[in-house]
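Everything below concerns the one structure shown next.
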Amino acid sequence: AFIALTSRAPGSHSLTVELRRKQGHRGITYHEISLVGATREASVAATMSDGERQAIALAAFFAESSQSPVLAPLVFDDPVTSLDHLNREYVANRIATESERRQVIVFTHDLPFLADLKSAMDGVGIEPSMMYIRRENGVALPPGTDGPWETMSIEKRIRFLRARAQEANSTQRD
């Protein structure tokens, strides 16, 4: 499989890589990335940034998973680390598209990516089920469903504050 990476910056160059199946074992496929047309001295690690390697890995994963007849859930742990904003938006859109066919679970602490993902989910008409883990005063609280304060809509913030005010009133009476 060949993948052409093109930087979106004006006057920049493109880079073509080949994904070669290296080996496989018990349902796990290993690939090796090589630069197309490069001399033996040019290594992928020395030539490509972490973000470019991450983009290739995600592209290969999405390509392989789209061909699988098994619609097992996909799980991502901070999938956009090291990616630029354009590739992050692309990954959010691709995850949203995949979520039309199967369950997708994304773990992230990256709030801008979370906003991109929510926007992409709106674009395909899917309401994501969101849970988040939070801590107050060093104590882990039960998982919440409205998301972190920074990602809440105005209506959700008002509901949250009203619930906290009721809790405070109840505590004060006790």
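Quick notes on this structure:
- Carbon plus sulfur fraction of accessible area for the chain, probe 1.4 Å, in percent: 52 percent
- Three-way shape label, the range 26-114, alpha-carbon gyration tensor, a/c 1.5: oblate
- Dividing the helix sum by the residues of the chain, where each DSSP H run of 4 or more adds -39500 (n - 2.57), gives a mean residue ellipticity at 222 nm of -12500 deg cm²/dmol.
- Förster radius 22 Å - calculated FRET efficiency between ARG157 and HIS109 (Cβ-Cβ, nearest 0.05): 0.65
- Accessible area per residue (1.4 Å probe, heavy atoms of protein chains only) ranks PHE62, PHE160, PHE107 as PHE107, PHE160, PHE62, with the largest value leading.
- Full extension of the chain segment joining ASP174 with THR47 gains 39.2 nm, where the gain is 0.36 nm per residue of separation less the Cα-Cα distance.
- A value for Rg and Dmax of the Cα atoms in Å was derived from the coordinates, and within the list (i) 16.2, 48; (ii) 17.8, 60; (iii) 21.1, 76 it appears as (iii).
- Extension gain for ALA57 to SER119 (0.36 nm times residue separation, less C-alpha to C-alpha distance): 20.0 nm.
- Per residue, the chain exposes an accessible area of 70 Å² to a 1.4 Å probe, with every protein chain left in place.
- When the charge dipole of the chain is built from unit charges on Cβ atoms (+1 for Lys and Arg, -1 for Asp and Glu) and taken about the Cα centre, the candidate among ALA165, SER68, PHE107 whose Cα reaches farthest toward its positive end is SER68.
- Relative contact order of the range 81-174, pairs being alpha-carbon contacts under 8 Å that are 6 or more residues apart, as %: 18 percent
- Neighbour-limited loop hits for GluC sites (Glu not before Pro), the range 94-174 (at most 14 other Cβ within 10 Å; DSSP other than H, G, I, E, B): GLU100
- The range 111-174: C-alpha gyration tensor shape, a/c 1.5 cut-off, then a/b vs b/c: prolate
- Antiparallel content of DSSP bridges confined to the chain, in %, to 5: 80 percent
- Working from Cα pairs under 8 Å separated by at least six residues, relative contact order for the chain is 11 percent.
- In Å², nearest 10: area of HIS31 left accessible to a 1.4 Å probe: 80 Å²
- Counting only trypsin sites (Lys or Arg not before Pro) that DSSP places in a loop and that have at most 14 other Cβ atoms within 10 Å, the longest clean stretch of the chain runs over 41-100.
- Each residue of the range 61-78 was assigned a 3J(HN,Hα) from its phi angle through the Karplus expression (A = 6.51, B = -1.76, C = 1.60, θ = phi - 60°), giving 5, 5, 5, 5, 5, 6, 8, 7, x, 7, 9, 5, x, 9, 10, 10, 10, 6 Hz with x at Gly and Pro.
The values are calculated or read from the model by the stated rules, or taken from the named source; none is laboratory data. For clarity, every value in this text was computed on a predicted model and none was experimentally measured. Note that we place each Cβ from the backbone using ideal geometry, even for glycine, and neighbour counts take in every protein chain shown. Note: areas computed on protein heavy atoms with side chains; ligands, DNA, RNA excluded. Shrake-Rupley method; radii C 1.70, N 1.55, O 1.52, S 1.80 Å.
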